[in-house]
Structures are given as C-alpha cells and as structure tokens.
C-alpha cells in the first residue's frame, strides 16, 4: 500500500506510516485558485507519481481538497470515503463556497465507489453522484485483539491521581466547538452535586485544540466546585487507549455531527458503557439508544447529566447496554470485518 498526504506530515508520522507496512510517496499542497500554477504543479506531480507506482486503486479518505486533486488527476478506479464530523455535516449538508460547490460534486461524479461512515451521509451525498455509483456504509473498524474487557489498570490511578474505585468519566473527543465539550463540562458540574466522588478525564492533543475554546472550558471547570475532580490528560498513546476505557466507568461522545466514532466502538468493545449525542447521523446497528448506548441532546447539559447519572447509578442498565454493544461490535465492527467488506467491493471495480 502506498500513501499520499494532503496535509503536512512530520518525520515521526512518516516512520509510523512505514512501520505499518505502507510506503510514503509524498504530499500535495493546498488547493490554490488564484495561484493556480501551484495547484497545477502538484497535480502534475500526483499524476506522475500514480503512473510511476502503477497504483491500482486510488482511495481518498475525507471529502475535501484531496478528492479534488484525485478527480482532476483522472485516475481510475477512484474510491472516496466520506467520514463525517467535518467533511459532510448533518442531513442538510451541501458543499459550501464557489470552489467546493463545483469541485466537490465533480469529484463525487468521478468516483467509481463511495464508502460512507454512516448510512445518513450516504443518503446526503447520493444526489451529487452518478446513479450507477455504489455507495456503501463502511467504517475503519477496530482491533478486537487490543480492545476487549479487562481489569481496571492500577498504574492509571496513580498517574492521574485518582482514588481507587472512583467513578470515572472519559472524554476522548478533540477540544473544538463541534465536540460540545463545554456542554459536557456544564453537565459534569451538575453531576458533581449528585455524585461528588466522580472524576472526569479529558483526553485530546493540546496542540490541535481551538485555543479560545480550550481556555473557556478549562475556566468553566476550574471556577466550579468540581475543579479538583477534573483531569486534562493530553494525548493518550494508542497502545494505552484500551486501558483508559477499562479505567472508565463510562465514555462520553457528544459532537454536534459525526460519522462512526471509533472511540465509542472501542469503549463498547472494552465493556465500558457510553453516552452519545442523539443524532440522526449514526448507524443504529451500533448506536441504538437504550439498547447499546444512552443518547442525549448534545446541546443540553441537563440531558447529558441525566444520562451519565443513570449509567453510574444503575449498574444493571450499564451491564445490559455494554453486553449488547459489545456483541454488535464483535459481529460487524472489527477491522477484519470492515476491510473484508471493502476488499469485496474493490474486487468489483474495473477500469473506466
């Protein structure tokens, strides 16, 4: 497998790509309209690179600038994955701006296969595609050899200065307005009045945070009675994520729009219940309110508080949800299951 990036890539990231067995071929720059010669330079490089390495399938993840380059390169078969939470936002989505308004539908029409991280997003992009183009709900899948139930890890209690056995809420979303972490902060402050022994861990890369928003969320919590029950733990290395789910009493993921959140699938696979946003975006097979998860209005801190309170105070409910959630993730949500489905669709692709 070869990899081309449409974002700047660090030397550390290149090593990680190559350690995974992929070959890093380079990156295309931003898509310039006024300075079109820069775009043409990158487009020529992309076409030359694809030809030199005899790429069989060009697969673009995320519906954006990268798909514009791919469509203009006229390489087939072309596969586009719509991921949600940024590229296609909600049921009323449409391309924004003059350039995107032309190039995004152009790219979708050039695609030979489209995969979508949720059935809703598949429906949303369908009007922009050729009628004969298959659109398949399919996500990245999780590694069930890593994410599975286990004992609560003692080393994390000491690392994050937590009392052994304390109720712990885990938030794995990025610090940006889309994630509604300010609403979660307000909900946790309310929860503190009811369950003062509960703690919350916010895990996100600080360098990627929206700084003003980050500051506001931290100030909300630091100026509240719950201040000493809050931990901002930064980036969690991938090899420690499963232990953080096992540490947690519940995971909260309440963005305003989403695709298929791997963090929630990982949490369920580890036997940790989840509170999610009540969104039409989600595949109800995995995210089935009151069967696999609890859902709450992501804009309503009271509803979020109530859902967290129920999971912490109703162990029978938490066990029922995680048992069913774990079963469904194991049946369809593994990396192997999803990649096998993708491979079957790859095999159906032919030259155009």
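The values are calculated or read from the model by the stated rules, or taken from the named source; none is laboratory data. Quick caveat: nothing in here was measured; it's all calculated off a predicted structure. Neighbour counts run over all protein chains shown; Cβ positions are idealised from the backbone, glycine included.
Structural remarks
- Subset of region 69-91 (residues that are farther than 15 Å from residue 128 by Cβ and part of a helix (DSSP H, G or I)): 69, 70, 72, 73
- Residue check, residue 205 surrounded by fewer than 12 Cβ atoms within 10 Å (Cβ to Cβ), more than 18 Å from residue 313 (Cβ to Cβ), touching a helix residue (DSSP H, G or I) at 6+ places or on another chain (Cβ under 7 Å) and assigned by TED's automatic domain parsing to the domain that holds residue 165: no
- Hits in region 18-68 (condition: in a helix (DSSP H, G or I) and in contact with a strand residue (DSSP E or B) (Cβ under 8 Å, 6 or more places away or on another chain)): 18, 45, 46, 49, 50, 66, 67
- All positions within region 8-17 that are exposed (fewer than 13 other Cβ atoms within 10 Å of the Cβ) and assigned to a loop (DSSP other than H, G, I, E, B): 8, 10
- Filter result (over 16 Å from residue 99 (Cα atoms) and in contact with a helix residue (DSSP H, G or I) (Cβ under 8 Å, 6 or more places away or on another chain)) within region 32-54: 42, 43, 46, 47, 50
- Scanning region 92-119 for residues that are assigned to a loop (DSSP other than H, G, I, E, B) and out of contact with any helix residue (DSSP H, G or I) (no Cβ under 6 Å at 6 or more places or on another chain), we see that the one that is surrounded by the most Cβ atoms within 10 Å (Cβ to Cβ) is 118.
- If you go through region 1-29 and pick out every residue that is closer than 21 Å to residue 103 by Cβ and at pLDDT below 90, you end up with 3.
- When region 294-308 is limited to residues that are touching a helix residue (DSSP H, G or I) at 6+ places or on another chain (Cβ under 6 Å) and buried (at least 20 other Cβ atoms within 10 Å of the Cβ), the one that is farthest from residue 246 (Cα to Cα) turns out to be 301.
- Residues of region 270-285 that turn out to be in a loop (DSSP other than H, G, I, E, B), surrounded by 20 or more Cβ atoms within 10 Å (Cβ to Cβ) and modelled with pLDDT of 95 or more, as a count: 3
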